[in-house]
Structure formats: C-alpha cells, structure tokens
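Notes follow once the structure below has been shown.
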Amino acid sequence: MANVELTSLAKLPTLSKLRKLELSDNIISGGLEVLAERCPNLTYLNLSGNKIKDLGTVEALQNLKNLKSLDLFNCEITNLEDYRDSIFELLQQITYLDGFDQEDNEAPDSEDDDDEEGDEDDDDEDEDEAGPPGEYEEEDDEDDGGSDLGEGEEEEEVGLSYLMKEEIQDEDDDDDYVEEGGDEEEEAEGVRGEKRKRDPEDEGEEEDD
C-alpha cells in the first residue's frame, strides 16, 4: 500500500500472519495503534515518506512485540534532535531503524536472507534424499550377487534337463534299432521258410517227370 495517498489505518483488515508491511509515501500522521491490533506479528514496517512528526505517534508501535525493523525515512520526525537514540530507547524491540542498527551497521537484504534460507533448506533436502553413503551400494552388490546365483542355478537346471533329454532320445534310438533288426530277421526267416516249402514241391515235380 505504498504511495496510495492513505491518510488513516482505520480500515486496515486483520492480517494476523502478516510479517512485512509497506506503507511508504502516504499521508499517515497517526493512528498507528491499529497496527498492533490488526497485524500483531509484523517484523518489518515501512512508514517512510509519511507525515509522522513526533515520538508520541511512534510510541503506539511498542505493542508490536515482534517488530525488528522500522523505516521512518523522509518523515518529519527524523529532524528531531537525537532522533535515532530516542527511537531505539522508545522501541527497544527493534534492531534496525531506517536500514541501520544502533552501531550504524546496515541491515541485511531481506531477499538475500530468504535466498540463504532457501539454499540451506535445499541442501538439507538433498542430504535427506541422498542418505548416508554406502547403503545403496551395498544393497546393489547384494542384488547383483543374488542375480548371479540365480543365473547359475538356471544354467545347472537347463544342463541337467538337456542331458536327461539326450539320454531319453538315445534309449529310444536303441529300441528302434532293435525293433528294426528284429523285423529284418523275421523277414529273412520267412523267406527261408518259403524256399524250403518250394524245394519239396520242385523235387516232386522232377520225380513226376
């Protein structure tokens, strides 16, 4: 809500989870107690460029217990003698005023802080996903060993079954050979018998002649 010619905070909605509020370059001159009622968890408040003139107006911000950074830059109150010391004494919960702490150390960029926190979270997630080194490698080795054993057993089974088939086929071939040999012997005996029958007949014919 920066630079919208806002004169009062009376219509500010309740935003209990709001942490950062930009109200710069408006015409606000008082009524800051509303902020503690509607936005109790504010940590950053920018009121720069408004019509705030005295410490009494700022005193209402004491109820913002979580407030860490306050910006009153370009407000008339900054022209007061010992302005910074007075604000830090009045609002002891804040760390930074107009971007600097009491020792004139500049406040870190909030975006950089968010990025650093995000990077740390990402690193933690990566570590969680990766897990302790060595666990997965051992599992892989075990799986490989199991698969090798399984292949060896299959080869043995295939070899045995193949040999069994070969032996069965050899036995069948031997039986066929014996049967074929027997048939040939029977045929030969039959031919001999016929010859023997014919011979007496031939002899009888010769005698008749």
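Tabulated results
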| quantity | calculated |
| --- | --- |
| Residue list for the stretch 19-35, filter: open to solvent by less than 50 Å² (accessible area, probe 1.4 Å) and assigned to a loop (DSSP other than H, G, I, E, B) | Leu23, Ser24, Asn26, Ile28, Gly30, Gly31, Leu32 |
| All positions within the stretch 37-74 that are aliphatic (A, V, I, L, M), closer than 23 Å to Ala107 by Cα and open to solvent by less than 50 Å² (accessible area, probe 1.4 Å) | Leu42, Leu45, Leu47, Ile52, Val58, Leu61, Leu64, Leu67, Leu70, Leu72 |
| Count - residues of the stretch 75-106 that are in a loop (DSSP other than H, G, I, E, B), surrounded by fewer than 16 Cβ atoms within 10 Å (Cβ to Cβ) and among the aliphatic types (A, V, I, L, M) | 1 |
| Pairs, first modelled with pLDDT of 90 or more in the stretch 1-23, second among the basic types (Lys, Arg), C-beta under 7 Å, six or more apart | Leu12/Arg38; Pro13/Arg38; Thr14/Arg38; Leu15/Arg38 |
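The values are calculated or read from the model by the stated rules, or taken from the named source; none is laboratory data. Model, not experiment: these values are computed from the prediction. So basically every Cβ, Gly included, is an ideal-geometry build from the backbone, and we count neighbours across all protein chains shown. Just so you know, the surface numbers come from the protein's heavy atoms only, side chains and all, with ligands and any DNA or RNA stripped out. Shrake-Rupley method; radii C 1.70, N 1.55, O 1.52, S 1.80 Å.
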